[in-house]
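Chemist: The structure is given below, and queries will be raised subsequently.
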Number of protein chains: 2
Amino acid sequence: MTTADKAKKAAPGAADKPAKPMPRPLTRIQREKQDIILDAALDIFSVHGFRGATIDQIAEAAGMSKPNLLYYFPRKEEIHKRLIAEMLDIWLAPLREFSADGDPVPEIRSYIRRKLEMSRDFPRQSRLFANEMLQGAPRTIDMLAGDLKQLVDEKVKILETWMDQGKITRTDPYHLIFSIWATTQHYADFDAQVRAVLGPERGGDGRFEDAARFLENLFLHGLLPKKA
Amino acid sequence: MTTADKAKKAAPGAADKPAKPMPRPLTRIQREKQDIILDAALDIFSVHGFRGATIDQIAEAAGMSKPNLLYYFPRKEEIHKRLIAEMLDIWLAPLREFSADGDPVPEIRSYIRRKLEMSRDFPRQSRLFANEMLQGAPRTIDMLAGDLKQLVDEKVKILETWMDQGKITRTDPYHLIFSIWATTQHYADFDAQVRAVLGPERGGDGRFEDAARFLENLFLHGLLPKKA
DNA sequence: CAGAAATTTGACCAGTTGGAAAAAATGTTA
DNA sequence: TAACATTTTTTCCAACTGGTCAAATTTCTG
């Protein structure tokens, strides 16, 4: 039975021609397989980008045949769209939490920590995002110029208030946010480089703690020693 | 015997069968067309990555037919390899210039400026590099763990000396370098996002000057106001 | 300008790509 | 367990992919 058949059950004579598709609930198998596919696709898309990834590759990573995969996601783009949407949610969460209530120092510090944790715990999503940006954000530009810009503008106001109150140095709040994004995401997106440069000893799991300590210090105090 | 010696006209009867191919100098057309191809390829590779880019695409961007392009670069990989090599040279130049001679403040400041200028003047190269990193640096990992690591280790020593002398705050020099890379390259790699968030008024050419001012301030002083 | 060398074109190829269709197999539920 | 829906496999396709090759054309050199 296809979704299109749903109309036949309706009351006889009741004119529900313009009835909505009314998606039926997913079966257990659908839920499971979709998750497997999305996970495999994230592996591939985050490394090769949209064009560079192939359905065959994803299907193999998901342990199923290509037509079987296409049964769950009829188009390659569908998979990508879903992943992008999921990723944006994850990506934005830390910024949404950024609050005017707390004091600047703990607030900024914990924002940095959360973003760094994202790089540690969701590196594939970070790379998917980076890939999308490198391509000029063809599938997200509307969202960036809409929701994201609005959210950033809002948080910028908080930062400006703190600056007005002399709680933090007066500086460009937009570029401040960019620099937090850049420094934290670097550990996911440029992981290969970070590890290569740090070498085996310092490039292990501890690198995130080192980075957190360093970034906290950088953002709060900078490099110049405070005059006594 | 040096390789150059083999080129000279040997004695008439001298058996030089195992002579190397001895590449003949490039013609004018070869130089011109290769440049056009490399430029077009940089456009495509920097956006779509190696797998996502096609020879047809590059050929069209270069304004020539695919077989014609293949006459100059018999393999897709050749083009990519050349671009990567060129890019690494550009990418490393600012770090090479980083010197122990000057004082920390102007030295660090001008390193940041140079890296930011790279993002402004060579954004495609920066994106090519980013693409390569996102893929796990398959074609550059040796170079990263070799030349780059060595160079970084060397510059780290300079930073440590300055820290020993109390000229700059004691902090993790590796992560300091990472954060300079991250913040400056962000303006090339995430250009789409930067422009979207800044909006039309602030996202114009001036954004690089704003970024330079902000970053200088961040790296030197951080966000906390100095105690009087 | 003739001849040689360099360049460009068109026709072609085998493998890959995203995707369609239908049959076969498996699951679900009354 | 029979009837039905869901899932999987098999087969297939047209467009695209990286690349070859010989013929035609253009450029260079004496």
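Since every read-out is calculated from the coordinates, none of them should be taken as a lab result. This is a predicted model, so every value here is computed, not measured. Glycine also receives a Cβ, built like all others from the backbone with ideal geometry; neighbour counts cover every protein chain displayed.
Chemist: Show me the trypsin sites (Lys or Arg not before Pro) within the range B:46-116 that DSSP assigns to loop and that have at most 12 other Cβ atoms within 10 Å of their Cβ.
Modeler: Within the range B:46-116, the qualifying trypsin sites (Lys or Arg not before Pro) (loop, at most 12 other Cβ atoms within 10 Å) are B:R75.
Chemist: Here's another thing I want to ask about it. Shielding of B:192-204 by partners, i.e. mean partner chain Cβ atoms within 10 Å per residue?
Modeler: The per-residue average across the peptide is 6.
Chemist: As a quick test, which of the pairs A:K76/B:K76; A:K155/B:K115; A:K157/B:K149; A:K115/B:K76; A:K115/B:K157; A:K155/B:K157 have an alpha carbon distance above 31 angstrom in this structure?
Modeler: A:K157/B:K149; A:K115/B:K76; A:K155/B:K157, as the Cα separations exceed 31 Å there.
Chemist: Before rounding to the nearest 500, sum -39500 (n - 2.57) across all DSSP H runs of length at least 4 in the protein assembly as shown and divide by the residue total; then give [θ] at 222 nm in deg cm²/dmol.
Modeler: Helix-only estimate at 222 nm: -22000 deg cm²/dmol.
Chemist: Follow-up question, since we're still on this one. In whole Å, what is the distance between the alpha-carbon centres of the range A:167-189 and the range B:114-178?
Modeler: About 18 Å separates the Cα centre of the range A:167-189 from the one of the range B:114-178.
Chemist: What is the diffusion coefficient of the protein assembly as shown in µm²/s, taking the Kirkwood radius over Cα pairs and the Stokes-Einstein relation at 10 °C with a viscosity of 1.306 mPa s?
Modeler: After rounding, the answer is 64 µm²/s.
Chemist: A:D39 versus B:A100, label points 7 Å from Cα toward the beta carbon: distance in nm?
Modeler: The answer from the label model is 5.1 nm.
Chemist: Name the trypsin sites (Lys or Arg not before Pro) in the range A:131-228 that are in a loop by DSSP and that have at most 16 other C-beta atoms within 10 Å, would you?
Modeler: For trypsin sites (Lys or Arg not before Pro) across the range A:131-228 that sit outside H, G, I, E and B with at most 16 neighbouring Cβ atoms in 10 Å, the list reads A:R139, A:K167, A:R170, A:K226, A:K227.
Chemist: Another one. Using a label point 7 Å beyond Cα on the Cα-Cβ vector, give me the inter-copy distances for A:E60 in nanometres, one decimal, shortest first.
Modeler: 2.8
Chemist: Any idea what the alpha-carbon Rg over 2.2 N^0.38 Å comes to for the range A:110-228?
Modeler: In units of the globular-protein estimate, the range A:110-228 measures up at 1.20.
Chemist: OK, next. Give the residue from A:I58, A:I141, A:H186 lying farthest towards the positive end of the charge dipole for chain A; charges sit on Cβ (+1 for Lys and Arg, -1 for Asp and Glu) and the dipole is referred to the Cα centre.
Modeler: A:I58
Chemist: Treating only the Cβ atoms of Lys and Arg (+1) and Asp and Glu (-1) as charged, compute the dipole magnitude of the range B:120-160 about its Cα centre; round to the nearest 20 debye.
Modeler: In debye, rounded to 20, the range B:120-160 gives about 220.
Chemist: Just tell me how shielded B:43-49 is by partners: mean number of partner chain Cβ atoms within 10 Å of each residue's Cβ, no decimals.
Modeler: 4
Chemist: Copy-to-copy spacing for B:E86, label 7 Å out on the Cα-to-C-beta vector, in nm, shortest first?
Modeler: From this label point to the equivalent ones elsewhere in the assembly: 3.9 nm.
Chemist: Hey, got the average number of other protein chain Cβ atoms within 10 angstrom for residues in A:125-138?
Modeler: Mean inter-chain Cβ contacts per residue within 10 Å come to 5.
Chemist: Would you work out which of A:L159, A:A93, A:L83 lies farthest towards the positive end of the dipole of chain A, given +1 charges on the beta-carbon of Lys and Arg and -1 on that of Asp and Glu, about the Cα centre?
Modeler: The one lying farthest along the dipole's positive direction is A:L83.
Chemist: Let me ask something additional. Give me a comma-separated list of calculated 3J(HN,Hα) values for the range B:114-130, in order, Karplus coefficients 6.51, -1.76, 1.60 applied at θ = phi - 60°, integers in Hz, x for any Gly or Pro.
Modeler: With coefficients 6.51, -1.76 and 1.60, one gets 5, 5, 5, 5, 4, 5, 6, 8, 10, x, 5, 4, 4, 5, 4, 5, 4 Hz.
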